[in-house]
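The structure appears right after this line, and notes come after that.
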Amino acid sequence: MKKFLAGLLGTALIFSFSNAVPKNQKEIEKQILKIAKKYGCLTCHDIDKPKNSIPYRIIAKEYQGQPDAVKKLVQSIKGASFAKWQKIGPEKYGVKPMAIYMPRQRSIPVEEAEKIVKLILSLDTSKVKVKK
Ligand code: HEC
């Protein structure tokens, strides 16, 4: 019984401390929207719809596989981002160019920015078409 309880407690601890990204895509999207809503990101972003800026799934497609993607994107969120997407050219993903400047997001703590970036990078992008 003691062993069982210790095991249970261990599992609970692992779950509460791990910042693990869920495997389920619906759950990933749910968590992205929850954070984005809390910090006002939805004014300009959506997962799939172009709003004032690039949809998160397109951002994921561009940065997935880049080793320093998390660091770069957290910097863009916390430090502002200017005209990066003008250079990337969202047209290759079938998205029209939009606003070119994201002011630095003061309200979101760094840990939360890191969390949403990891979630964004875990979006399934297998259906995003890239024009050559
Ligand atoms: C006022 C509109 C606005 C708000 C609010 C906003 N963004 Fe952005 N976001 C933009 C624009 C515009 C860009 C494209 C900037 C560029 O091209 O450099 C962008 C780019 C990004 C990128 C890609 C940066 C890169 O380096 O390619 C990420 C990630 C991102 N936003 C996440 C967020 C998150 C998370 C929030 C909420 C905490 C947020 N944004 C709030 C307008 C906004």
- prompt: So for the chain, Kirkwood radius off the Cα pairs, Stokes-Einstein at 20 °C and 1.002 mPa s: how many µm² s⁻¹?
  reply: 134
statement: When Arg106, Arg57 are arranged by how many other beta-carbons sit within 10 Å of their Cβ, fewest first, they go Arg106, Arg57
- request: Run down the lysines and flag those whose C-alpha is under 18 Å from the C-alpha of Lys72, throwing out any fewer than 8 positions away in its chain.
  value: Lys61, Lys84, Lys87, Lys115, Lys118
- request: Enter the angle in degrees (range 0 to 90, nearest 10) between the Cα long axis of helix 110-121 and the first principal axis of the Cα atoms of the chain, meaning the one along which they spread out most.
  value: 70
statement: With Cα coordinates, the longest principal axis of the chain makes an angle with the long axis of helix 25-38, in degrees rounded to 10, of 70
Fewest-first ranking of Ser53, Ser76, Ser126, Ser107, using other Cβ atoms within 10 Å as the exposure measure: Ser126, Ser107, Ser76, Ser53
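FYI, it's all coordinate maths here, none of it is from the lab. Since this is a predicted model, take the numbers as computed values, not measurements. Here the Cβ is made from the backbone with ideal geometry for all residues, glycine too, and neighbour counts use every protein chain on show.
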